[in-house]
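These notes are about the structure you will find just below.
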Ligand SMILES: C[S@@+](CC[C@H](N)C(=O)[O-])C[C@H]1O[C@@H](n2cnc3c(N)ncnc32)[C@H](O)[C@@H]1O
């Protein structure tokens, strides 16, 4: 995507009522006003709150929101020009249960209060196979701790991946974390067949 196009999308994101782009200092130097208040202040209901982390263009966020109108969905990604597509589609389709946040997942505890979240989806994250990239892997121990802190006691985390490495690494990380205090019970749903890249977004569950 050309830089002109990116700039256009950034500017358009600023005009969307369903896009939030807090500055880093808004999150780390102050209490973000919507932290703990997403349902009351933005969605205006008490429906379950579901996050998609590293949402890219927001296809899952929008697709799940259409399928489950009684849940609230927030897609989060650092790349605003990508989720512009999902935010625009949600506006065009008049979906009241969708929002997007441009932020680093590392700051998720500054965006959501303890127990505020019911479900987390992580869809096809970059497996970050090189050892020196471990800190960027979205299911490393530090990230799992952050997710646990914002999920309620019955909260669920879904990981969808077609990377054997990511699948094995995540199971291993869960086992390692359990040794120091249980954080969850992973359940593996084996694919009926090997997923193809082309059907990544058609199979939402
Ligand atoms: C491989 S893409 C997957 C996108 C989408 N989930 C899909 O299935 O098409 C990973 C996405 O995660 C985002 N991402 C990776 N690490 C992130 C971080 N620490 N904070 C915010 N976004 C991140 C990237 O910007 C990218 O859009």
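With the requirement that a residue be part of a loop (DSSP other than H, G, I, E, B), over 18 Å from residue 116 (Cβ atoms) and in contact with a strand residue (DSSP E or B) (Cβ under 9 Å, 6 or more places away or on another chain), what does the range 19-38 give you?
Hit for the range 19-38 is 21, nothing else.
Can you give me the number of residues within the range 51-78 that are surrounded by fewer than 24 Cβ atoms within 10 Å (Cβ to Cβ) and assigned to a strand (DSSP E or B)? Working first, answer last.
Residues of the range 51-78 that are surrounded by fewer than 24 Cβ atoms within 10 Å (Cβ to Cβ), as a first pass: 53-54, 56-57, 59, 63-64, 66-71, 77-78.
If we keep only those that are assigned to a strand (DSSP E or B) as well, we get 53, 77.
Residues meeting the conditions: 2.
So, of the residues in the range 122-145 that are surrounded by 18 or more Cβ atoms within 10 Å (Cβ to Cβ) and in a helix (DSSP H, G or I), which turns out to be nearest to the ligand (Cβ to nearest atom)? Even if it seems obvious, please write down each step before you answer.
Step one: filter the range 122-145 for residues surrounded by 18 or more Cβ atoms within 10 Å (Cβ to Cβ), giving 122-125, 127-128, 137-139, 143-144.
Okay, now just the ones that are also in a helix (DSSP H, G or I), so 143-144.
Working: 143: 8, 144: 14 Å.
Top of the filtered list is 143.
Within the range 19-51, count every residue that is within 15 Å of the ligand (Cβ to nearest atom) and over 13 Å from residue 102 (Cβ atoms).
3
Would you mind stating whether residue 134 is out of contact with any helix residue (DSSP H, G or I) (no Cβ under 6 Å at 6 or more places or on another chain) and farther than 29 Å from residue 25 by Cα? Can you show your working first?
Values: out of contact with any helix residue (DSSP H, G or I) (no Cβ under 6 Å at 6 or more places or on another chain): yes; farther than 29 Å from residue 25 by Cα: no.
It is false that residue 134 is out of contact with any helix residue (DSSP H, G or I) (no Cβ under 6 Å at 6 or more places or on another chain) and farther than 29 Å from residue 25 by Cα.
Does residue 114 meet the test of being in a loop (DSSP other than H, G, I, E, B), over 27 Å from residue 66 (Cβ atoms) and away from the ligand (no atom under 14 Å from the Cβ)? Explain how you work it out, then say what you get.
Values: in a loop (DSSP other than H, G, I, E, B): yes; over 27 Å from residue 66 (Cβ atoms): yes; away from the ligand (no atom under 14 Å from the Cβ): yes.
The answer is yes for residue 114.
If I ask for residues that are surrounded by 19 or more Cβ atoms within 10 Å (Cβ to Cβ) and within 10 Å of the ligand (Cβ to nearest atom), which ones from the range 87-106 would you list?
101, 102, 103, 105
What number of residues within the range 176-205 satisfy the criterion of being surrounded by 10 or more Cβ atoms within 10 Å (Cβ to Cβ) and at pLDDT 65 or above?
Adding up the residues that qualify gives 4.
Checking the conditions here, which among 54, 58, 80 is over 17 Å from residue 120 (Cβ atoms), within 11 Å of the ligand (Cβ to nearest atom) and touching a residue at least 40 places away in the same chain (Cβ under 8 Å)?
Unique residue meeting the criteria: 80.
The values are calculated or read from the model by the stated rules, or taken from the named source; none is laboratory data. Note that this is a predicted model, so its numbers are computed, not measured. In this analysis, Cβ positions are derived from the backbone assuming ideal geometry, glycine residues included, and neighbour counts consider all displayed protein chains.
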